[in-house]
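Below is one structure; the comments refer to it alone.
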Amino acid sequence: MVSSMAETWRRHREAYLLLALPLAIIVIFRVLTVGGAFWISVVRYGPRGAPFVGLANYAATLQDDLFWRSMFNTLYYSVGVVPLGIAVSLGLSQLIFNLGRRTQMFYKAAFYLPMVVSGVVMSLVWLWMFDPVYGLLNWLFQQVGLEPLLWLRSPKTAMPSLILMAVATGQGASIVLLTASMGSIPDPLYESARVDGANGWHEFRHITVPLLRPTILYLLIMGTIGSFQVFNSIYVMTSGGPYHATETAVYLLYTYAFQMLNFSRASAIGVILAVILALVSALQYRFVARGSVEY
Amino acid sequence: MNDSQPALAASRNPSGAALEPRTRRRGRRTSATRVIAFLLLTLWALVSLFPLYWVFVTALSPPSVVMSTPPRLIPDPPTLVNFVRLFGRSQIFGWLANSAIVSVTVALSNILLGTMAGYVLAKKRFPGASIAFWIVILTMMIPGQATLVPMYLLVNKLGWLDSLRAVIVPDLVIAFSIFLMKQYLTSFPTEMIEAAKLDGAGELRILLQVVMPVAKPGIAVLGIFTFVDYWNGFFWPLLVLSSSENLTIQVGLSTLRFQFTTDFGLWNAGAVFAMIPVFIVFFSFQRYFLRGITIGAIKG
């Protein structure tokens, strides 16, 4: 046994040595902390020890009105941002796709540029544009004869404002992906459809969209995962307000952990969030992947 | 494998998409529909670029103009007064230096360690290889927020709070970098490795002198995206850094927002500094960005 281990080591020494440091970093910071998350969520973590409390933190979380409020807000944000974003980028991709190569690159770069700008910068400039008194959006509204809005300052419009910002600035990567996928749809499909008298909308609806299904599924899952974890814009722009209208799950986790220093409750929220995300991704996968068209 | 052969993305993309934009006229297009298409695209380009333009205009406008209606769409008169105030009231240069240290270190280290591990997992067979690969895959799927609290407590135990170590060390290599390089190097010609071995080269030398030079396009994508991600990183640095001189640029900017609640000129002057490095990177490596997204899609 020992000699065979020594033999294995001797034969694969270099592979193990190259793998050792990267894997150690992953295991220490990413694997052990998963165990840590579960452990902290079943104890009452405090400065004077951590007594085991079973599922009490989970029970308290599930009885917390603010938790349900934050789940609703997270869902609201996600359902606003993801399908709308996919619809917009599908439409724009279709428009871009028929253009010449250089024009395509120009528009793609224009749509992608905001994506390399940090969430904090975006949040600051939009906060300024949303300002009810001095902001550009209310000035625009007045120019076209619309009533000015309170935007982020009213519980009713705060979440839609955040959704507007996310949709308006976040489509670059989706468009690059979708146009790339459109390029792989074989031409004869369109030619034969045209022979059958299909118009542009029919082609888009019955050929392009069904054949883009794998890419759309990918955007749906990644978009949902991303939007469920929204934090930066909430922190910078609204701090979860007004009246908890934009308090999302991750923001709530942040307040529990770093403002109330209730690490155990925060960890329970984190575990619940991870489970929900896994379930949502699996559901979307089953729901959308089923019926994928092969070509 | 050279720059013009994006074998990786083409073969791993969810839909097997080609990378270079292929244009193809589909459907009959009248000149009216073409005009509408251009109008819509230009309108959306305006929507996505205007806020960035507005950052520069606001930063270069005097405070009295910033708070006046109607808004002026060009800085009139242009002034550097916001920048002067910014230098006086914040530690902006310290923040920029901290962000540079973090993003450059993390990017270089992810390139080196990610390629090391990715190479071993792609090209070596040894007991435990599949366990190591599954560890990488599974950790990639865990949302960061789930492990936020234990990460924070661990970093606290190590005595790293309020130091850049807390931001750098845990991310010296992330699972995605290993996964990306593993996928990228799977198609690396094994004969080249064998030939180098016959010449008596050790694994480390093979990695540094044979594999990495050939894998440059993949390494470039990994490095560029990692740099931008960590330059823009906010949540984790916000949690672990606290003294003003230790903040990264993004966290520093967020403190301006709460310290000077309606000083839009000051915020946007800071935002200009936060944007310039990523703009330089974007315009120098635009090709890699558009390719990187399709490569990144294998993550799904």
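Below are the figures for this structure:
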read-out	value
Projected area averaged over orientations for segment A:2-41, convex hull of C-alpha atoms, nm²	3.7 nm²
Furthest towards positive pole of dipole, B:TRP236, B:SER90, B:ILE280, structure part chain B, Cβ charges	B:ILE280
Ranked order, A:GLU14, A:GLU147 - accessible area, probe 1.4 Å, largest first	A:GLU147, A:GLU14
Kirkwood-based shape ratio for segment A:136-205, expressed as Rg/Rh from alpha carbons	1.27
Mean accessible surface per residue for chain A, computed with a 1.4 Å probe while every protein chain stays in place, in Å²	46 Å²
Other protein chain Cβ atoms within 10 Å, averaged over every residue that makes up B:259-272	3
Of A:THR157, A:PHE67, A:THR169, farthest towards positive along the dipole that unit charges on Lys, Arg, Asp, Glu beta carbons give segment A:58-289	A:THR169
Test item: Cα-centred dipole of the protein assembly as shown, Lys/Arg +1 and Asp/Glu -1 on Cβ, debye	780 debye
Over segment A:130-169, volume per residue of the alpha carbon convex hull, in Å³	67 Å³
Residue among B:LEU222, B:VAL210, A:HIS202 farthest towards the positive dipole end of the protein assembly as shown, charges placed on Cβ	A:HIS202
Carbon/sulfur fraction of accessible area - segment A:171-287, other protein chains in place, 1.4 Å, %	65 percent
5 Å-binned pair-distance histogram of segment A:41-96 (Cα, whole percent)	4, 16, 12, 12, 11, 10, 8, 8, 7, 5, 4, 2, 0
Under 23 Å from the Cα of B:LYS123 - lysines, other chains or at least 8 residues apart	B:LYS182, B:LYS197, B:LYS216, B:LYS299
Cα convex hull of segment B:56-192 - mean projected area over all directions, nm²	14.2 nm²
Cα pair distances of the protein assembly as shown binned at 10 Å [whole percent]	3, 15, 25, 27, 19, 9, 2, 0, 0
Computed accessible area, A:PHE72, all protein chains, 1.4 angstrom probe, square angstrom	130 Å²
Size of charge dipole - segment B:90-299 - debye, nearest 20, with Cβ of Lys, Arg +1 and Asp, Glu -1, no other charges	480 debye
Semi-axes of the equivalent ellipsoid for segment A:58-289, Cα gyration tensor, largest first, Å	36, 24, 15
With 20 Å bins from 0: P(r) over chain B, alpha-carbon pairs, percent	26, 49, 24, 2
Solvent-accessible ranking of A:LYS108, B:LYS182, B:LYS216, largest area first, probe 1.4 Å	B:LYS216, B:LYS182, A:LYS108
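The values are calculated or read from the model by the stated rules, or taken from the named source; none is laboratory data. All values reported here derive from a predicted model rather than from experimental measurement. Note that each Cβ is placed from the backbone with ideal geometry, even for glycine, and that neighbours are counted across all protein chains shown. Quick note on the areas: whole protein, heavy atoms, side chains included, nothing else; ligands and nucleic acids left out. Shrake-Rupley method; radii C 1.70, N 1.55, O 1.52, S 1.80 Å.
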